[in-house]
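The values are calculated or read from the model by the stated rules, or taken from the named source; none is laboratory data. What you see is a predicted model, and the numbers here were worked out from it, not measured in a lab. Reconstructed Cβ throughout: ideal geometry from the backbone, glycine too, with neighbour counts over all protein chains shown.
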Amino acid sequence: MKKYFIICNFLLISLLGCQISERADKIIFNGHIYTVNSLNEKVEAVSIKEGVIWKVGHYKELIADAGSETELIDLQGKSMYPGFIEGHAHIMDIGANLMDLDLMGATSYEEIVERVVLQSKKLPEGSWIIGRGWHQEKWKVSPEGMFKGFPSHNLLSEAVPDYPVYLIHASGHLALANAKAMALANISSSTEDPKGGEVFRGIDGNPTGIFNETAQDLVGLAIPVSSTEWLEKSLKLAIEHILENGITSFHEAGSITSWVSLYQQLALKEELKIRLYVMLSGSDRPLIEEFFKKGIYIDSLNRLTIRAVKLYSDGALGSRGAWLLEEYADAPGKFGHNVRPIAELMEITLLAAEAGFQVCTHAIGDRGNREVLNIYERAFEVFPQRKQDSRFRIEHAQHINSEDLSRFKELGVIPAMQAIHMASDRPWAIDRLGQERIEEGAYVWQKLLDQGTPIVNGSDAPVEPINPLASFYAAVSRKTLAGNPTGGYEPSQKMSRLQALRSYTIDAAYGAFEENIKGTIEVGKQADFTILDQDILTVEEAEILKTKVEMTIVGGNVFYVRQ
């Protein structure tokens, strides 16, 4: 722990020489403290009592509440904000990535194969090798034998013939399997495409190893189920990683029964260090029906909340699975995939609305977004009382037809848009959509904000690194993380720095019905804070990505300090 943060206060208290009936547990001072309240005020100090913000204001007034047991945290000029809220990510997948083979950052197919070979040397022959994070659009050189823009399994199968290998794309919407894995899953030239998915086949009719959207299950279901011990270890690793990145709350975008049980166990043991807002996976029908009967779950410490369901309308833009109104610019005749029948999405949405649960539906393409808005509109016609404050969400909302923009405001639908996706995808997204559609409705943050629609930001980790500063930078610059292009892509859609901060704090809290307990530094709210080594609201734009997380505080507990 950095000694300059926490100072001994016995001498200070003795010098005060006054009797105080109540003492603060902690007092934080001497930095740039942004409240993000309605007036966007800055304050000199914050005091904490029993995990809640007790007082906010001038240092001289708050220090009078210090006692011999009060912990004083001297920011020494650092900057403090309401605890950052990750608005859409996958906590168990983050943990799995930390346990399995991380392919993020690989610059070629050959490099991926090399990583798999190294991993095979650590495992008994025949063990499954699971990895995630590759993205062909980020490779410096395209390999030979590419089919429909993706690699074939041949090089991978030749390098590791005795290990079943399953490598999930960074988007999570397609995967590459080697010959051994396909054999164990009984995949052959006669395997049929499932509804909402596609098995890529070469000109000889044999599978290339690429399984798009729902076709991933054909191989994925053959992978042995992880043990409870493995899952718990991966979850705890994920939590530590989340805290290291300055995140205090996390919107978990789709959990199954075994994961929910694990969250509840950790919460009971008070080992859930972050605040977890859970969307139940709509594919786990028994789970959602159980919760629709029981009702919303919020634990007494506000560490675990279960009040939403996660659905999917389409796939990802990178895999050409996003559902479009018009064909892909780089794939004539292709419109993407509706990965779950509209009738099923409608049915579950109505059940959730009746039970008082929030619905969060993945939609990336303009057709996917329109269909989800239609479903929500119909649900509000059936249950008109839910329209008032349903806070139904569309997760990603990356490409919206201009005719549908105002419907977000009219229906009260919240877009959960990960700014970092623009930074990663925009260089090649124009190939998928073309200039006109890009300008009309791709990553149109300011168009939504201007009409009064709040945006929930995030990273979609492990699709992207969870670092909120990267997404903040993308939001205010509209550039790649390499700083390109000068001026940013479609610069009129940049967020202001305050808008970007709100999207990671109070607006994200609103997206989870939690704006009354978090998201701003105000009396009575949870003492959740993110402390950075420099002020992201004032530093030069290029300096934002150099910012370091100094401390992460949840409920008044210091859970991370940069060493």
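If you check Ala512 against the conditions, is it aliphatic (A, V, I, L, M), under 19 Å from Leu301 (Cα atoms) and out of contact with any Lys or Arg (no Cβ under 7 Å at 6 or more places or on another chain)? Yes; evaluated as a whole, the condition is true for this residue.
Here is a check on your reading of the model: is Gly105 within 22 Å of the chain's Cα centre (by Cα), crowded, with 20+ Cβ neighbours inside 10 Å, under 21 Å from Leu469 (Cβ atoms) and not assigned by TED's automatic domain parsing to the domain that holds Val56?
Numbers: within 22 Å of the chain's Cα centre (by Cα): yes; crowded, with 20+ Cβ neighbours inside 10 Å: no; under 21 Å from Leu469 (Cβ atoms): yes; not assigned by TED's automatic domain parsing to the domain that holds Val56: yes.
It is false that Gly105 is within 22 Å of the chain's Cα centre (by Cα), crowded, with 20+ Cβ neighbours inside 10 Å, under 21 Å from Leu469 (Cβ atoms) and not assigned by TED's automatic domain parsing to the domain that holds Val56.
Put simply, of Val463, Val523, Val558 the only residue that is within 19 Å of the chain's Cα centre (by Cα) and of a type in the set (Val, Ile, Thr) is Val463.
Taking Asn37, is it at pLDDT 95 or above, within 20 Å of Thr520 (Cβ to Cβ) and among the polar types (S, T, N, Q)? The answer is yes for Asn37. Within region 76-93, being hydrophobic (A, V, I, L, M, F, W, C), under 17 Å from Ala238 (Cβ atoms) and buried (at least 24 other Cβ atoms within 10 Å of the Cβ) holds for Phe84, Ile85, Ile91. The number of residues in region 243-263 that are in a loop (DSSP other than H, G, I, E, B) and either under 25 Å from Thr361 (Cβ atoms) or without any contact (Cβ under 8 Å) to a residue 12 or more places away in the chain (or both) comes to 1.
Quick one: which of Glu541, Glu514 is farther than 18 Å from Asn40 by Cα and either buried (at least 21 other Cβ atoms within 10 Å of the Cβ) or in contact with a strand residue (DSSP E or B) (Cβ under 9 Å, 6 or more places away or on another chain) (or both)? Before you say what the answer is, go through the steps one by one.
Working: Glu541 fails: either buried (at least 21 other Cβ atoms within 10 Å of the Cβ) or in contact with a strand residue (DSSP E or B) (Cβ under 9 Å, 6 or more places away or on another chain) (or both).
Of Glu541, Glu514, the one residue that is farther than 18 Å from Asn40 by Cα and either buried (at least 21 other Cβ atoms within 10 Å of the Cβ) or in contact with a strand residue (DSSP E or B) (Cβ under 9 Å, 6 or more places away or on another chain) (or both) is Glu514.
Does Ser38 satisfy being in the same structural domain as Leu156 (by TED's automatic domain parsing) and hydroxyl-bearing (Ser, Thr, Tyr)? Here the answer is no, as Ser38 does not meet what is asked. I'm checking my understanding of the structure. Among residues of region 466-486 that are surrounded by fewer than 20 Cβ atoms within 10 Å (Cβ to Cβ) and among the hydroxyl-bearing types (Ser, Thr, Tyr), which one is farthest from the chain's Cα centre (by Cα)? The selected residue is Thr486. For Gly205, the conditions (1) surrounded by fewer than 21 Cβ atoms within 10 Å (Cβ to Cβ); (2) touching a helix residue (DSSP H, G or I) at 6+ places or on another chain (Cβ under 8 Å) all hold with the exception of (2). For region 344-379, the set of residues classified as more than 18 Å from Phe292 (Cβ to Cβ) and part of a helix (DSSP H, G or I) consists of Asp366, Arg367, Gly368, Asn369, Arg370, Glu371, Val372, Leu373, Asn374, Glu377, Arg378, listed by residue number.
Selection of first residues in region 435-450 that are at pLDDT 95 or above and of second residues that are assigned to a helix (DSSP H, G or I) and hydroxyl-bearing (Ser, Thr, Tyr), restricted to Cβ pairs under 6 Å at least 6 apart or on distinct chains, gives the following pairs, ordered by first then second residue: Glu440/Ser402; Gly441/Ser402.
Any idea which of (1) within 21 Å of the chain's Cα centre (by Cα); (2) surrounded by fewer than 23 Cβ atoms within 10 Å (Cβ to Cβ) is the one Asp425 doesn't satisfy? Asp425 satisfies all of (1) within 21 Å of the chain's Cα centre (by Cα); (2) surrounded by fewer than 23 Cβ atoms within 10 Å (Cβ to Cβ) except (2). Counting only strands (runs of 3 or more DSSP E) wholly contained in region 36-87, the ones carrying 2 or more residues that are free of Cβ contacts under 8 Å to residues at least 40 places away in the same chain occupy 42-49.
Restricting region 161-194 to residues that are crowded, with 21+ Cβ neighbours inside 10 Å and among the β-branched types (Val, Ile, Thr), the residue that is nearest to Asn206 (Cα to Cα) is Ile187.
Which one is modelled with the lowest pLDDT among residues in region 272-306 that are more than 17 Å from Ser261 (Cβ to Cβ) and of a type in the set (Gly, Ala, Ser)? Here the answer is Ser300.
Total residues in region 485-521 satisfying the condition of being of a type outside the set (D, E, K, R), touching a residue at least 24 places away in the same chain (Cβ under 8 Å), touching a helix residue (DSSP H, G or I) at 6+ places or on another chain (Cβ under 7 Å) and not in a helix (DSSP H, G or I): the figure is 5.
If you filter region 376-391 down to residues that are without any contact (Cβ under 8 Å) to a residue 40 or more places away in the chain, touching a strand residue (DSSP E or B) at 6+ places or on another chain (Cβ under 9 Å) and not polar (S, T, N, Q), you find that the one that is surrounded by the most Cβ atoms within 10 Å (Cβ to Cβ) is Tyr376. Within the set of pairs 6 or more residues apart or between chains, which connect a residue that is closer than 13 Å to Ser283 by Cα inside region 338-367 to a residue that is at pLDDT below 95 and acidic (Asp, Glu) with Cβ atoms less than 9 Å apart? Matching pairs, first to second residue: Val339/Glu213. A single entry from Ile288, Ile296 fulfils the requirement of being closer than 28 Å to Asn557 by Cβ and either in contact with a strand residue (DSSP E or B) (Cβ under 7 Å, 6 or more places away or on another chain) or in contact (Cβ under 8 Å) with a residue 60 or more places away in the chain (or both): Ile296. If I filter region 259-279 for residues that are over 19 Å from Glu86 (Cβ atoms) and aromatic (Phe, Trp, Tyr), do I get at least one hit? Looking for residues that are over 19 Å from Glu86 (Cβ atoms) and aromatic (Phe, Trp, Tyr), one finds none in region 259-279, hence no.
For region 25-44, which residues satisfy the criterion of being under 20 Å from Ala508 (Cβ atoms), aliphatic (A, V, I, L, M) and in contact with a Leu (Cβ under 8 Å, 6 or more places away or on another chain)?
Restricting attention to region 25-44, the residues satisfying the condition of being under 20 Å from Ala508 (Cβ atoms) are 33-41.
Narrowing the set further to residues that are aliphatic (A, V, I, L, M) leaves 33, 36, 39.
The answer is Ile33, Val36.
Here region 517-538 is the region considered, the condition is being under 28 Å from Phe392 (Cβ atoms) and in contact with a Lys or Arg (Cβ under 9 Å, 6 or more places away or on another chain), and the residue that is surrounded by the most Cβ atoms within 10 Å (Cβ to Cβ) is Asp528.
Search region 383-405 for residues being polar (S, T, N, Q) and modelled with pLDDT of 95 or more, and hand back the single one that is nearest to Ala512 (Cα to Cα).
Residue satisfying both the conditions and the ranking: Ser390.
Note on region 135-242: enclosed strands (runs of 3 or more DSSP E) holding 2 or more residues that are assigned by TED's automatic domain parsing to the domain that holds Asn97 and within 27 Å of Lys121 (Cβ to Cβ) are 165-169, 174-177, 207-213. Can we say Phe408 is at pLDDT 95 or above, touching a Lys or Arg at 6+ places or on another chain (Cβ under 7 Å) and among the aromatic types (Phe, Trp, Tyr)? Answer is no for this residue. Restricting attention to region 78-137, the residues being modelled with pLDDT under 90 and among the small types (Gly, Ala, Ser) number 2.
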